Amino acid sequence: MDTIGVGLIGTGYMGKCHALAWNAVLPVFGDCPRPRLVGLAEVDADLARSRAHQFGFERSTADWRSLITDREIEVVSITTPNAFHAEMAVAALEAGKHVWCEKPMAVGFADATRMADAARKSGKVAILGYNYIQNPLIRQIGHMIDEREIGEINHVRIEMDEDFMADPDALFYWKSEASSGYGALDDFAVHPLSILQVLFGTPTRVFAHMSRPYDDRPTQDGGRRRVETFDIANVLFELGGISGVLAVNRSAWGRKGRIAIQIFGSTGSIVYDQERMNELQIYKAGQGAQSGYTTILAGPGHFPYDRFIPAPGHGLGFNDLKAIECRELLSAIEGREGRVVDFDAGLEIERCVHATAQSHAEQRWIDL
Ligand code: NAD
């Protein structure tokens, strides 16, 4: 496979991120098909045209359905708001395209199931945008756990916090609408759940409480609208022999891109924070009273850091994780093993999200 025809739906924050990844993947990795950026779709024809020019796509359209039936397109990036994912992904799979869909998978569990069914039926590769698992240091944490560097894992705490909705005067937008899902649970918690999934698996029991820091928000036209989602979610979980805590908040003043992980084992602990994504810390027991964490800086020894930069300590960035995700997608399309969250694995994350929401509603433990 020398080239692969690419389509992109949506050109906002994530649309640009996918476009950067499609442009970067061959120069960075060198050993994958050359993405041919065939076409993109936006809601407005003028916007679509200008984004196609900026992102390097050959054509543009205001009709996403015409994009997915384009014969020259073989893989479709879906980066539209959550409510569109199911309809677009199923249509693309039915049209015989591979799919790279942003998280969360879908708003309702029935839609997520429909997506997984469509992927299985199509025989095409369908993956979700769980980019944080692509950090070379998350791989490194996985190796350390496998090598039992901190012994038997007994406790995991994982948090995701940002402050883009912390201001009570921040405008109401689609993330405050119930059509986007429960709120921080499916906007944020799915990311920590994807990391838990690659490191340990999916929680087997959950107990949750969600809250809404502000009841309403200003609207663009000067009015106010009731907030329909929960910006904060706290979850207790069990996963094999691990007792866990998952806490997420999109109104956490001061937190910009935090995904803080603490993993405690019988002989040590590992800590990591996405805000300092090029370092992790490990503590090993038995060092005496004058001991502390050792910091490990990301470097060429942590695959695939070396594909970007030959020198240690210089650091990868958020958009690089998407380029790695793109490489893994292409590997899967070429029939090799890819480090991806496919639609079946994504469905397990969705199952956990909905069980968690059910736990909040019924205030009891839910078994998955
Ligand atoms: P955004 O609002 O910045 O961009 C969405 C774009 O989709 C807009 O340009 C909008 O015009 C376009 N769009 C909407 N309906 C469309 C349609 N019918 N046809 C074509 N284009 C359409 O939103 P965003 O922040 O990029 O979020 C998009 C998705 O990405 C969400 O599902 C979100 O959860 C996910 N996301 C993932 C990450 C990550 O780290 N993986 C980060 C942020 C957002």
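The values are calculated or read from the model by the stated rules, or taken from the named source; none is laboratory data. Not measured: the values here are computed from a predicted model. Note that each Cβ is placed from the backbone with ideal geometry, even for glycine, and that neighbours are counted across all protein chains shown.
A few notes on this one:
- Looking only at residues of the stretch 100-117 that are in contact (Cβ under 8 Å) with a residue 40 or more places away in the chain and more than 11 Å from the ligand (Cβ to nearest atom), we find that the one that is surrounded by the most Cβ atoms within 10 Å (Cβ to Cβ) is MET115.
- Note on the stretch 72-90: among residues that are within 9 Å of the ligand (Cβ to nearest atom) and part of a loop (DSSP other than H, G, I, E, B), the one that is nearest to LYS124 (Cα to Cα) is THR79.
- Count of the stretch 32-71 residues which are touching a strand residue (DSSP E or B) at 6+ places or on another chain (Cβ under 9 Å), assigned to a loop (DSSP other than H, G, I, E, B) and over 28 Å from ASP2 (Cβ atoms): 3
- Matching entry among ARG339, ARG307 (being surrounded by 14 or more Cβ atoms within 10 Å (Cβ to Cβ), part of a helix (DSSP H, G or I) and either free of Cβ contacts under 8 Å to residues at least 40 places away in the same chain or touching a helix residue (DSSP H, G or I) at 6+ places or on another chain (Cβ under 9 Å) (or both)): ARG307
- Of all residues making up the stretch 333-367, the number that are among the hydrophobic types (A, V, I, L, M, F, W, C), more than 20 Å from GLY183 (Cβ to Cβ) and touching a strand residue (DSSP E or B) at 6+ places or on another chain (Cβ under 7 Å): 5
- Residue pairs meeting the criteria (Cβ under 7 Å; at least 6 apart or on separate chains; first assigned by TED's automatic domain parsing to the domain that holds MET160 and surrounded by 15 or more Cβ atoms within 10 Å (Cβ to Cβ), in the stretch 272-301; second among the polar types (S, T, N, Q) and part of a loop (DSSP other than H, G, I, E, B)): MET277/ASN135; LYS284/THR267; ALA298/ASN278
- Index of the failed condition, ARG148 passing every other in (1) assigned to a helix (DSSP H, G or I); (2) of a type in the set (Lys, Arg); (3) more than 14 Å from the ligand (Cβ to nearest atom): (1)
Results for (1) among the polar types (S, T, N, Q); (2) at pLDDT 95 or above; (3) touching an Asp or Glu at 6+ places or on another chain (Cβ under 7 Å), shown as yes or no for each residue.
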residue	(1), (2), (3)
GLY15	no, yes, no
LEU20	no, yes, no
THR69	yes, no, no
ALA86	no, yes, yes
LYS97	no, yes, yes
THR113	yes, yes, no
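- For LEU193, the conditions (1) out of contact with any Leu (no Cβ under 6 Å at 6 or more places or on another chain); (2) part of a loop (DSSP other than H, G, I, E, B) are fulfilled apart from (2).
- Positions within the stretch 4-53 being within 16 Å of the ligand (Cβ to nearest atom) and of a type in the set (Asp, Glu), in sequence order: GLU42, ASP44, ASP46
- Matching residues, the stretch 118-145, being of a type in the set (Gly, Ala, Ser), assigned by TED's automatic domain parsing to the domain that holds PRO81 and more than 16 Å from the ligand (Cβ to nearest atom): ALA118, ALA119, SER122, GLY123
- Sole residue being hydrophobic (A, V, I, L, M, F, W, C), on the phi < 0 side of the Ramachandran plot and not assigned by TED's automatic domain parsing to the domain that holds ALA208, chosen from LEU316, LEU246, LEU236: LEU316
- Of the criteria (1) at pLDDT below 95; (2) under 28 Å from SER243 (Cβ atoms); (3) in a helix (DSSP H, G or I), which one ARG139 fails: (1)
- Taking residues in the stretch 68-95 that are of a type in the set (S, T, N, Q), and partners anywhere that are assigned to a strand (DSSP E or B) and more than 14 Å from the ligand (Cβ to nearest atom), the pairs with Cβ atoms closer than 9 Å and at least 6 places apart or on different chains are SER77/VAL6.
- For the criterion of being at pLDDT below 95 and either outside the structural domain of PHE164 (by TED's automatic domain parsing) or within 16 Å of the ligand (Cβ to nearest atom) (or both), GLN220 passes.
- Condition met for GLY129 (in contact with a His (Cβ under 9 Å, 6 or more places away or on another chain), among the small types (Gly, Ala, Ser) and in contact (Cβ under 8 Å) with a residue 60 or more places away in the chain): yes
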